[in-house]
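Report on the structure given below.
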Amino acid sequence: MKKSFTSFLWLKICASLLLGLFIATLGRDENLFYLLSQLWYMQDLLFASFATFLLIQYLAVITNYSFRHQELKASAVLQQTVLGLLVPVILISGMVQLYYKLAYSPEEFNQNYYRYEFPVIVFILVLLNLVFSYLKLQPRVQVITTPGSPTTPNTNITVPEPKPAPPAIPSSTANLEPVKTVIVEHGFKNIPIPVQDIAFIYKEEEFLGLKTFAGNTYRVSQSLDGFYQQLPPYLFFRVNRQFIINRRACKAFVPEQFGKLSVELLPAYKAPVTISQKKAAIFKNWIAEHQN
């Protein structure tokens, strides 16, 4: 299984040492080997590396929080900008100022920091924010059949061949073996998601989204028809051309004009979900037949 960049402690340590070495060497004319032999330089190097390590750890947590729903929204971007860029700039500037005060003098901070370190630190912050945000916002979903436990991926799993789209009535797909787990490729990490944890799958513009009951959202590389035909029909219903919903995600439904139904989902969706008059009766029977 692939691992996330943020899960490799040794990789973060190496990145922190390299960035610390780069920052500590800024504005120095001496040879690197000479600098490494100096106690004051090693002190600067350790401080820069430690501060960078804390920064990487902090950004990993903040990015996971800001984009916890894997959706590129204005509020999430604003939150990431404030917490992932502005706050670290203030905190790091305060840490460096305190370090200069203890190790050197306040005058050297005013002379060197804003001239050498500050522009590079801002650049590194922007770059790290972009990298972490990209990894967080690039999930892909692969539907697989797992013969064993639904939460434990099998190393010999195979992707089912595409099959014709199922008829409108869910019971007609009962002869197809439903999957138990989907594997979400989130950045460099594979996440198994049991199908019962999927609230609904929806089509929005040119991509397919998968929403879990935990509130997480992932992009799906498969078509809506292809995804639907592999889901258990007692648990999922194709309400229209844009939505497949889990029975447990149906919080309520109300009648609309011309025999249509409007479904209230949980977790909530930003727009109304409508069932046509033709499918309304089938949906009601499906809900009644498969209640726990």
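We did not get these values from a lab; they are worked out from the coordinates using the rules stated. Bear in mind the structure is a predicted one, so any value in this text is a computation, not a measurement. Backbone-built Cβ (ideal geometry, glycine too); neighbour counts: all protein chains shown.
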**Message:** Report, to one decimal in Å, the Kirkwood hydrodynamic radius for segment 238-292 based on all distinct Cα pairs.
**Reply:** 11.4
**Positive dipole terminus of segment 189-239, leading residue within L224, I198, G209 (C-beta point charges)** = I198
**Request:** With θ set to phi - 60°, apply the Karplus curve 6.51 cos²θ - 1.76 cosθ + 1.60 along segment 230-239 and write out the HN-Hα couplings as whole Hz, x wherever there is a Gly or Pro.
**Result:** 9, 8, x, x, 6, 10, 10, 9, 8, 6
**Request:** Give, in nm to one decimal, the length gained when the segment between V122 and V87 is fully stretched (0.36 nm per residue of separation minus the Cα-Cα distance).
**Result:** 11.5 nm
**Message:** What does the net charge come to around L45 if you take all other residues with beta carbon closer than 15 Å to its beta carbon, with K and R at +1 and D and E at -1?
**Reply:** -2
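Rounding to the nearest 20 debye, state how big the charge dipole of segment 1-134 is about its Cα centre with +1 on each Lys and Arg Cβ and -1 on each Asp and Glu Cβ.
Numbers: 8 positive and 7 negative charges, 125 e Å.
Approximately 600 debye in magnitude.
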**Message:** Restricted to Cα positions, what overall size does segment 1-135 have along the principal axes? Three whole-Å values, descending.
**Reply:** 47, 35, 21
**Asked** How do C14, C250 line up, fewest other C-beta atoms within 10 Å first?
**Response** C14, C250
**Request:** At 0.36 nm per residue, minus the direct Cα-Cα distance, what do I13 and A214 gain on full extension? Give it in nm, one decimal, please.
**Result:** 69.2 nm
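List L102, L72 from most exposed to least, where exposure is judged by having the fewest other Cβ atoms within 10 Å.
Working: L102 8, L72 11.
Going from sparsest to densest Cβ surroundings: L102, L72.
Which FRET efficiency, nearest 0.05, do Y114 and K189 yield, Cβ-Cβ r, R0 41 Å?
Numbers: r = 38 Å, r/R0 = 0.93.
FRET efficiency, Y114 to K189: 0.60.
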**Message:** How are the alpha carbon pair distances in segment 41-86 distributed across 5 Å bins from zero to the largest one, expressed in percent?
**Reply:** 5, 22, 23, 17, 11, 9, 7, 5, 2
**Request:** Show which lysines lie in cross-link reach of K12 when reach means a straight Cα distance below 18 angstrom and same-chain residues fewer than eight apart are skipped.
**Result:** K2, K3, K136, K189
